[in-house]
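The values are calculated or read from the model by the stated rules, or taken from the named source; none is laboratory data. What you are looking at is a predicted structure, and each value in this text was computed from that prediction instead of being measured. Cβ placement follows ideal geometry from the backbone for every residue including glycine, while neighbour counts extend to all protein chains displayed. For accessibility, only protein heavy atoms count, side chains too; no ligands or nucleic acids. Shrake-Rupley method; radii C 1.70, N 1.55, O 1.52, S 1.80 Å.
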Amino acid sequence: MKKKVLFALALVGIAALPLAGCGGNGDTKAEGKAEAGTYYGLDKVESVYGVSAVTAAKLLAATEQDAGIVSAAAVTDEAEKFNRYFNMLDSFLDKAQTTTVVESNGSADEAVADYALKLTVTGRGIEGEEVSHTVYFTETEGRTVQDSYRDEDETVTVERTEYALSGVVPMTAEDGTAVYYRMEGTRTESLVTEEEGRDKETSRVNKLELRAYAEDERDYVKIEHTQTAEEEEGETETESLYVYSVYEGGALVETTQVKFEEETERGGTEAEYEVRFLSGGSRGRYEIERETGRNGSVEIVVEYSIDGANGRFRIAKNADGSYRYRYNNSEFDRDFEDFDD
């Protein structure tokens, strides 16, 4: 079924994956434009937009604080490079504890007043503390295109609607001044209907592309998001894929893939997160899991493979808010700054 959906999307130029499982078990209605409301988790369009905008802005802020957009070839410390991405993700590692609130924008700040909606996304930090970020944005509905084809006895129809996105993420620089990270992008929503005789199945598909920049539009972070959900024999598995591309002077210097996986079984829910550097510098893959100790303390456990070398370290938060990376050999313990504002 999934192959047919992907083939249908390829015909209309969409390289994305179904958000709802085939067979009508999921919510397959079109989501339409982002609306005011409260959303839990990371599945809805409003939540995905908030997390995408915030993480792209945080990654851009972190690379700027590293004295400009850092060329991947100049980054020799893989742990330091990983820390930029961990800073970007740390408040969203507990998917179930993420809340997104969308409301009409009533801000008097001239830098954000022209946007229609105010979005506040709140996650949990490494110690369980609430961490909130705000995004101001406008989403404009564009054209709707419908196409169909026949595959043997089955008719597949794809209805696609495009949306234009613009927004801004306010953050605070090291010197305390306000920085506004601009957002521009598109979202494509599709309904894929497969009919064979009296049988009818529908899948909903979303793809988001977003670009974040500050002053120089040639230095930016591009993010692409896709998501899948599958149900089988009482088990549900979801996967969210974010691909971040860092550009310097308009040239690509690094591409990184972040994958969120969550599997719900009768015994509970297990979440895993993977950061994989696809280009630029060394090729690294990091698998991230949260662990709670007997005293209730939370640590992040990271297993890594960098150019064939494997290892493991733990991340905890120091009293001053920085991160402590503890390796099996304490000689290599490192402290890294938390870039969160």
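Observations, loosely collected:
- Residue list for the range 135-158, filter: part of a strand (DSSP E or B), of a type in the set (Asp, Glu) and either touching a helix residue (DSSP H, G or I) at 6+ places or on another chain (Cβ under 7 Å) or more than 30 Å from Lys58 (Cα to Cα) (or both): Asp147, Asp151, Glu154
- Subset tally (residues that are touching a residue at least 40 places away in the same chain (Cβ under 8 Å) and in a strand (DSSP E or B)) for the range 180-199: 12
- First in the range 297-311 and more than 15 Å from Tyr327 (Cβ to Cβ) and at pLDDT 75 or above, second anywhere and of a type in the set (Ser, Thr, Tyr) and surrounded by fewer than 18 Cβ atoms within 10 Å (Cβ to Cβ), Cβ under 6 Å, 6 or more apart: Asp307/Ser282
- Residue that is modelled with the lowest pLDDT, among those in the range 121-137 that are closer than 15 Å to Pro170 by Cα and open to solvent by 30 Å² or more (accessible area, probe 1.4 Å): Ser132
- Only a single item in (1) under 20 Å from the mean Cα position of the chain (by Cα); (2) assigned to a helix (DSSP H, G or I); (3) not basic (Lys, Arg) is not met by Val102, and it is number (2).
- Residue check for Thr100: touching a helix residue (DSSP H, G or I) at 6+ places or on another chain (Cβ under 7 Å), modelled with pLDDT of 90 or more and closer than 27 Å to Tyr273 by Cα: yes
- So Thr38, is it farther than 18 Å from Leu89 by Cα, at pLDDT 85 or above and surrounded by fewer than 22 Cβ atoms within 10 Å (Cβ to Cβ): yes
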